[in-house]
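Accompanying notes for the structure given below.
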Amino acid sequence: MRICAVALVGLIALTGCGKKKGGSHDGGLGGFVSGGSGGNDNPVSGPTDLPSGMPTDLPSGAPSDVPSYDAPTPSYTYSAPATYNSDGTNDITATGCDYDESTRSFQYTLNLRNPETQSMHYSITIEWEDQNGGSLLGSDYKSVTVASGSSQTLNATSYRTLTEQTSFTCKVTSALKYPSST
């Protein structure tokens, strides 16, 4: 096998396979051509027939006759949404915690004042509790919209028949408020 390889290399060397016509080839094993015999065989040198009279003093920087551009200023202003306290219990004063025997109902009068800068909707829960045992005797729910800076009076009522003397309390257990959509 070794003899065949040596013979093949010798045959290539003798026949001159791999040589470039008209020039020399380094070692016959490939590589770069050096010192060609004609034309522009040397890739390192550039073209020598450039036109004459080309300008050599090119300007630097931006031209002075180009107009400048100022970005437009937006014509709108952003205003944050109004803030408010969602707990409306401080907007309510209540009076007249009572039981009416003729109508068999608990009574409670709520005076509601909206201090916000916008119309607000209130969802209010009222409860009557037995003062001795803490059990719930009655409840009412009110839903009302009050304009900014306005007041409104609400009468809360819960019907129940009492068969004995009972001490009770009235209270607003929750008053959620949020901006009205109307």
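Descriptive notes on the structure:
- Selection within region 81-110: residues that are of a type in the set (S, T, N, Q) and out of contact with any Ser or Thr (no Cβ under 9 Å at 6 or more places or on another chain). The member of this set that is least open to solvent (accessible area, probe 1.4 Å) is Ser86.
- Residues being under 19 Å from Ser148 (Cβ atoms) and touching a Phe, Trp or Tyr at 6+ places or on another chain (Cβ under 8 Å) - total across region 95-113: 1
- Residue match in region 130-139 (condition: in contact (Cβ under 8 Å) with a residue 12 or more places away in the chain, among the aliphatic types (A, V, I, L, M) and either under 25 Å from Tyr178 (Cα atoms) or open to solvent by 40 Å² or more (accessible area, probe 1.4 Å) (or both)): no
- Among (1) open to solvent by less than 50 Å² (accessible area, probe 1.4 Å); (2) out of contact with any Ser or Thr (no Cβ under 6 Å at 6 or more places or on another chain); (3) among the hydrophobic types (A, V, I, L, M, F, W, C) - the single one Ala175 does not satisfy: (2)
The values are calculated or read from the model by the stated rules, or taken from the named source; none is laboratory data. Remember, predicted model here, so these are calculated numbers, not experimental data. Cβ coordinates were reconstructed from backbone atoms using ideal geometry, including for glycine residues, and neighbour counts include every protein chain displayed. Accessible surface is based on the protein model in full, side chains and every heavy atom, while ligands, DNA and RNA are left aside. Shrake-Rupley method; radii C 1.70, N 1.55, O 1.52, S 1.80 Å.
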